[in-house]
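Here is the structure we will look at.
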């Protein structure tokens, strides 16, 4: 199953205004996370990945999506959790950062939400220290953490070239 | 001549023969189109003659008698046609097309290391039987050249002929006089550079050195008269030759397009016409490019080691900012280098499409349909390997369209459509990584009900579901298999080629009574290598065949365990043909298990001459694999060269055993870490 999200991307709004933007919300290890919709290329169901010996432990492996071979970061492991059970709800959220295209293995993908810039708050210090969370937002009863995709996929840590 | 030389020579022959056959086919189609309109196409006949003549000459050199026999007869027909204004009846064109196919077939046999089959007697008879009808009275005319007798006496008859023919072909014959001097040399003009520069914009028919009285302009008393055929202006010629405009004189203006006027016969022993006219083009075997790519891969591996070393250095507190900057430049340069080599493998998409008319012609004939073909390849380019793989899929789509989609002329007339159906093939580069090919027709559209009936199951709404149904193996909406589309590959194979082999995307849109369009999205580049599939702990891996020296059964009695070193797994050693080498456990090296298991089979690998072996469960087979590099830094691991799809839709890792051997040596402590 594929969900195209490219067409949802929000129209450009004047800089500094309280513009609306779309976010993709998903869960991992009981928490809600979000990525800007323009970062997300598509979502795919997860049917297992090919393990890559020697890759960082949080890399579930590589998968082939539309002829492209991408690494998949297991979000549970990335955030220091334990591997989750494989369920039908598992999704790969395929995101793009510069030239890199990387999938995030999540427990389930929930929805696409519209948020105003003013709804995004700086993360609490404890959450911010790991550097993965850029901001938080309250959506109804839930606290959603806006991820720094570049950090999650190891940018600034790995030698991100060649 | 040693056998190696011969092999290389044959390869060169194959390359050149294929090129000439490509030209032949294109020219034959032009002649065919003209013949159907009842017109002559003298220029195409002459071009075809040249191509066939080249094929004949080359074939004689490598002793391919069958091709010589066929091409010789083609040549006679064409020479005679040329003498009669280039007129060829459609029936003769048909036989020539058959002959070209017969030659192609034999060239292919040679490429597959088979002995070329003898020429079909029926074909030779048909070729012999063709009497070319003369196209009206002929007069020996042609352009006259205004050449100084002192010059013309120094020219060979064929050179004069070449000039006349060039003029009749619509080019101008010029003479440019170049006088070498120190001043000219300082400006970078010598006779050699002048010839080279002129060669790019004109055909240099002859360069004649002449003694002249020494002057200021010609201090050496030497002058060169260059006889040229060109379509560019005198000014351009003068600039390229570094001479004054007055040094360029016109020998003959182009002849008006010939309308039955006959040029002098083509001279068979005219050596010039055998020489290919392409300039600034180098033919390179794909193997050499792969070799260059291979070296780049090793550079990439070295680079990541360097990166790691720099990172470690940084951790010790050393300031590595300057180093990091160099590393960034180095990374970019490596990427550029890799892209440059990949670009060398690109061929114009137009080359892919220009083979389609020939296919279409055959299908049209058999199916009694009349189809107008629109080809639009623009400037798109794609990898040669991709082009070769995608071509059969295109052929299938073209055959399908003509055979199933485009209605017979009477039906089209009744429906108010133009009697002639239109088939459009387009190639567009979507980005610098992807090519989009489309095959569209204005036929009847895919009959959903008929497909459902044949499959005996419902088809969900939507074109995507209908395409899925069309791609079910073995589906044919026709009861009677036609000779064209009833054989060979089906849509399931088209999909497999596009999606599984090439990692592309296939989609379709169809509209009842209006037409169907198939869209193929394929990557522009890929690298294809011969690989072995290895099995190890239930996982499959592939390795390039070039990595492996030998595969052997492991005789447990010949395996010795080396003394264990502190904190390290102990390596085994195995003896093979008197050579003792380390035997590494592949699964262990890859970190798939802690304890080594007994290997049943092993592959022998050499690294800088040093032999080592990897033990594994079994070598499961050999196939060509499309290797996609793992570009993301998260999965750039030493020893993992990329990923491939073995047909199950999931990636299988491609291992670099040579690099992995280095890791294993470190891990097992057979060498200092």
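So here's what we get for this one:
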{"quantity": "Contacts under 9 angstrom Cβ, first residue in the stretch B:299-321 being within 13 Å of chain A (Cβ to nearest Cβ) and part of a loop (DSSP other than H, G, I, E, B), partner at pLDDT 80 or above and surrounded by fewer than 14 Cβ atoms within 10 Å (Cβ to Cβ), 6 or more apart", "calculated": "B:320/B:313"}
{"quantity": "So residue B:96, is it touching a helix residue (DSSP H, G or I) at 6+ places or on another chain (Cβ under 8 Å), crowded, with 19+ Cβ neighbours inside 10 Å, within 14 Å of residue B:24 (Cβ to Cβ) and touching a residue at least 60 places away in the same chain (Cβ under 8 Å)", "calculated": "yes"}
{"quantity": "Those residues of the stretch B:171-199 which are part of a loop (DSSP other than H, G, I, E, B) and surrounded by 14 or more Cβ atoms within 10 Å (Cβ to Cβ), in sequence order", "calculated": "B:171, B:179, B:180, B:181, B:189, B:190"}
{"quantity": "Matching option when the condition is more than 15 Å from residue A:54 (Cβ to Cβ) and either in contact (Cβ under 8 Å) with a residue 12 or more places away in the chain or buried (at least 18 other Cβ atoms within 10 Å of the Cβ) (or both), among B:648, B:617", "calculated": "B:617"}
{"quantity": "Hits in the stretch B:561-577 - residues which are under 13 Å from residue B:598 (Cβ atoms) and either modelled with pLDDT under 80 or more than 49 Å from the chain's Cα centre (by Cα) (or both)", "calculated": "B:561"}
{"quantity": "Criterion violated by residue B:486 - all others in (1) within 14 Å of chain A (Cβ to nearest Cβ); (2) modelled with pLDDT under 70 satisfied", "calculated": "(1)"}
{"quantity": "Sole exception among (1) in contact (Cβ under 8 Å) with a residue 12 or more places away in the chain; (2) farther than 30 Å from residue B:93 by Cα for residue B:372, by number", "calculated": "(2)"}
{"quantity": "Residue check, residue B:339 part of a helix (DSSP H, G or I) and either crowded, with 18+ Cβ neighbours inside 10 Å or free of Cβ contacts under 8 Å to residues at least 12 places away in the same chain (or both)", "calculated": "yes"}
{"quantity": "Which numbered condition residue B:229 misses (of (1) at pLDDT below 85; (2) surrounded by 20 or more Cβ atoms within 10 Å (Cβ to Cβ); (3) in contact with a helix residue (DSSP H, G or I) (Cβ under 6 Å, 6 or more places away or on another chain))", "calculated": "(1)"}
{"quantity": "Leading residue by the ranking (nearest to the other protein chains (Cβ to nearest Cβ)) among those in the stretch A:52-85 that are under 26 Å from residue B:504 (Cβ atoms) and not in a strand (DSSP E or B)", "calculated": "A:67"}
{"quantity": "Only listed residue being touching a helix residue (DSSP H, G or I) at 6+ places or on another chain (Cβ under 7 Å) and outside any strand (DSSP E or B), chosen from B:557, B:525", "calculated": "B:525"}
{"quantity": "Subset of the stretch A:59-106 [within 17 Å of residue A:132 (Cα to Cα), touching a helix residue (DSSP H, G or I) at 6+ places or on another chain (Cβ under 8 Å) and surrounded by fewer than 21 Cβ atoms within 10 Å (Cβ to Cβ)]", "calculated": "A:96, A:97"}
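The values are calculated or read from the model by the stated rules, or taken from the named source; none is laboratory data. What you see is a predicted model, and the numbers here were worked out from it, not measured in a lab. Neighbour counts are summed over all protein chains in view; Cβ atoms, including those assigned to glycine, are modelled from backbone coordinates with ideal geometry.
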